[in-house]
Amino acid sequence: MALHTGSCHCGKVAFEVETDLQQVIECNCSICRKKGYLLAFVPRDALTVRGEENLSTYTFNTHTIRHRFCATCGTATFGEGKQPTGEAMAAINVRCLDAVELSEMKPIPFNGRDKG
């Protein structure tokens, strides 16, 4: 596990997350495809957010995932939801992490488009 830092474009929202980035998911659901997300899933307590008061929330479909984004610059930093076991989780937008070389990652495709 490594501690990674990240932020939105304007810097009003910053975060730290502890993850090994072993699995990066590229989902093809409507929001992930249109936003270009690359996601790393972590327990919610592995994520520390600074500037949370600057976040807005968007939900759709079943309204179970809270897509969080900066209210100023619009950068989608992470999402929050629950694992099937009920544990709180966060889906980190890896594109918002500092010092991560995206070209070295091999995203795992996920067919979210055909999920209910």
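The values are calculated or read from the model by the stated rules, or taken from the named source; none is laboratory data. Quick caveat, the model's predicted, so the values are computed rather than measured. Here Cβ is always computed from backbone atoms with ideal geometry, including for glycine, and neighbour counts include all displayed protein chains.
Key figures
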{"quantity": "Residues within segment 65-94 that are at pLDDT 95 or above and in a loop (DSSP other than H, G, I, E, B), tallied", "calculated": "6"}
{"quantity": "Subset of segment 1-44 (residues that are within 13 Å of the chain's Cα centre (by Cα) and of a type in the set (Gly, Ala, Ser))", "calculated": "6, 7, 14, 36, 40"}
{"quantity": "Failed item in (1) in contact with a strand residue (DSSP E or B) (Cβ under 9 Å, 6 or more places away or on another chain); (2) within 17 Å of residue 2 (Cα to Cα); (3) not hydrophobic (A, V, I, L, M, F, W, C), with residue 51 passing the rest", "calculated": "(2)"}
{"quantity": "Of residues in segment 67-93 being under 20 Å from residue 7 (Cα atoms) and out of contact with any Phe, Trp or Tyr (no Cβ under 8 Å at 6 or more places or on another chain), the one surrounded by the most Cβ atoms within 10 Å (Cβ to Cβ)", "calculated": "79"}
{"quantity": "Residues located in segment 40-93, provided they are among the charged types (D, E, K, R) and touching a residue at least 12 places away in the same chain (Cβ under 8 Å)", "calculated": "44, 45, 50, 52, 66, 68, 80, 82, 87"}
{"quantity": "Filter pass, residue 51 being of a type outside the set (Ser, Thr, Tyr), surrounded by 12 or more Cβ atoms within 10 Å (Cβ to Cβ) and at positive phi", "calculated": "yes"}
{"quantity": "Residue in segment 12-24 that is modelled with pLDDT of 95 or more, surrounded by 12 or more Cβ atoms within 10 Å (Cβ to Cβ), in contact with a Cys (Cβ under 7 Å, 6 or more places away or on another chain) and in a strand (DSSP E or B) present", "calculated": "no"}
{"quantity": "In segment 36-64, residue modelled with the highest pLDDT [restricted to those that are hydrophobic (A, V, I, L, M, F, W, C) and in a loop (DSSP other than H, G, I, E, B)]", "calculated": "38"}
{"quantity": "Subset of segment 66-107 [over 18 Å from residue 16 (Cα atoms) and touching an Asp or Glu at 6+ places or on another chain (Cβ under 7 Å)]", "calculated": "66, 107"}
{"quantity": "Scan of segment 34-48 for residues that are among the charged types (D, E, K, R) and either out of contact with any Asp or Glu (no Cβ under 9 Å at 6 or more places or on another chain) or loosely packed, with under 12 Cβ neighbours inside 10 Å (or both), ordered by number", "calculated": "34, 35, 45"}
